[in-house]
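J.: Pasting a structure here, questions to come.
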Amino acid sequence: MTQSRIYLDYNATAPLIPEAQDALLDALSLPGNASSVHSEGRAARKLVEGARADVAALVGARAKSVVFTSGATEANATALTPNWFLNGKPLTPTHLIVSAVEHPSALKSPRFAGEMTRQIPVDGQGVIDLAALAQLVAEVGDAGGLPLVAVQLANNETGVIQPVVEAADIVHARGGLMHCDAVQAAGRIPIDIAALQVDTLALSAHKLGGAQGVGALVLAEGRAHPAPLITGGGQEGWRRAGTEPVAAISAFGAAARVALAGLDRMPEIATRRDRLQAELTRLSNQAVVFSSEARRLPNTLALGLPGVSAETAVIAFDLAGVAISSGSACSSGKVAASHVLKAMGVAPDLARSGLRISLGATTSDAELERFVEVWAKVMGKLAMTRAG
Ligand code: PMP
């Protein structure tokens, strides 16, 4: 009998959940454009607005504050602009300050020259240095500039949860603007946009069990917001032009609803992750768990094994029926050195061995037990190859 595969790469993308699939397929069979005034159009509009309310609820926002985008990459790109507004008046941030561990889509922006971009360093656990942020913000302010700061809520590689509220305090005290990439945190820890005190928040549907190709920029009430990135139509209240992908948006709403309802099960997932961490480090006693001392997402485990190539390990696990990821960023099919581990000061050799295991809400104990058995075999073989 062939055994089913074990998928442990939820931080890369989560499989479509049944509720989202139903919403997607139902909406795909409707003909309407959500901007049309006829019955078909209004039926499509109803789905989009229902989803908007569901996505808003996941982050404690009002429905009208949600702007659907093609994904979090676009949401980040929209926010990282020198063109913002506050109460209808233009605001022009001069400098972009980003954490050194942001996702590549928020690490820099072509709309800020290299010399106008600064990075907030992180400590060995991957947590941003708030004193360094305060200094960077003060330097920009003292020189008559206005800082735009991006700090993610949780890291995709290590799961580290950043002190976003404290960072936002520092930024707003100097009149700056604050964007937060909440892609990995959404559905895994509770999020309230007002409590976070950020101006904007980025979300992605496919990390929640929705479809790929849709996300949202959420605007905090009464705060500044960026100018649209894509113009040429009045969709999304003139904030993002282009026909709304009704089916993908509807599935996003379903996924957000399920994610919100499932938040109270996250402690169970953290327990599973902790048990897995204990098992794997027992089997591989040289393994180094990254960010183990920091506050982490409940589902993420990043670890390195000195001397093991992460790329080789990922392939070996794949052949053994398990999908995990290397800690290194990989968006082109080519594995590059992880800028996250580098920023944490992890030695290049150890960084090259970084593996990321990320659990989902439906990951079972049985799957993890099987994974531990596979780990023992795969790592045993890789160790022999190294010795031989
Ligand atoms: N930010 C983070 C933290 C991510 O993990 C990702 C997805 N890898 C993105 C942004 C980009 O999201 P999307 O795939 O929706 O463009």
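J.: Accessible surface of S204 in the full protein assembly, 1.4 angstrom probe, to the nearest 10 Å²?
T.: S204 has an accessible surface of roughly 10 Å² with all protein chains in place.
J.: If R₀ is 35 angstrom, what is the calculated FRET efficiency for the pair S39 and R62, using the beta carbon separation as r and rounding to 0.05?
T.: With R0 = 35 Å, the Cβ-Cβ based efficiency is 0.80.
J.: Still on this structure: How large is the helix-only mean residue ellipticity at 222 nm for the chain, computed as the sum of -39500 (n - 2.57) over DSSP H runs with n ≥ 4, divided by its residue count, in deg cm²/dmol to the nearest 500?
T.: -11500 deg cm²/dmol
J.: Continuing with the same structure: Treating the chain as a set of equal point scatterers at the Cα positions, no solvent, please give the Debye-formula log₁₀ I(q)/I(0) at q = 0.10, 0.12, 0.14 Å⁻¹.
T.: -0.66, -0.93, -1.20
J.: List the lysines whose alpha-carbon lies under 20 Å from that of K342, not counting same-chain residues fewer than 8 positions away?
T.: Qualifying lysines at Cα under 20 Å: K108, K334.
J.: Expressed as a rounded percentage, what relative contact order does the chain have, with Cα pairs under 8 Å and six or more residues apart?
T.: Relative contact order comes out at 22 percent.
J.: Work out how much length A278 to L30 would gain on full extension: take 0.36 nm times their residue separation and subtract the Cα-Cα distance, in nm to one decimal.
T.: 84.4 nm
J.: Between T243, T300, T363, which gets the highest mean-square fluctuation from a Gaussian network model of the chain, Cα cutoff 10 Å?
T.: T243
J.: For the chain, set up a GNM with springs between Cα atoms under 10 Å and report which of L350, L305, L319 has the largest fluctuation.
T.: Between L350, L305, L319, it is L319 that shows the largest mean-square fluctuation.
J.: Might you tell me the accessible area per residue for region 243-315, computed with a 1.4 Å probe and given in Å²?
T.: Accessible area per residue: 43 Å².
J.: Ignoring ligands, DNA and RNA, please state the percent of accessible area on region 18-261 from carbon and sulfur, probe 1.4 Å.
T.: C and S atoms contribute 56 percent here.
The values are calculated or read from the model by the stated rules, or taken from the named source; none is laboratory data. A quick note: this is a predicted structure, and the numbers were derived from the prediction, not measured. All Cβ positions, even for glycine, are placed from backbone atoms using ideal geometry, and neighbour counts span all protein chains on display. Remember, those area values only see protein heavy atoms, side chains included, never the ligands or the DNA or RNA. Shrake-Rupley method; radii C 1.70, N 1.55, O 1.52, S 1.80 Å.
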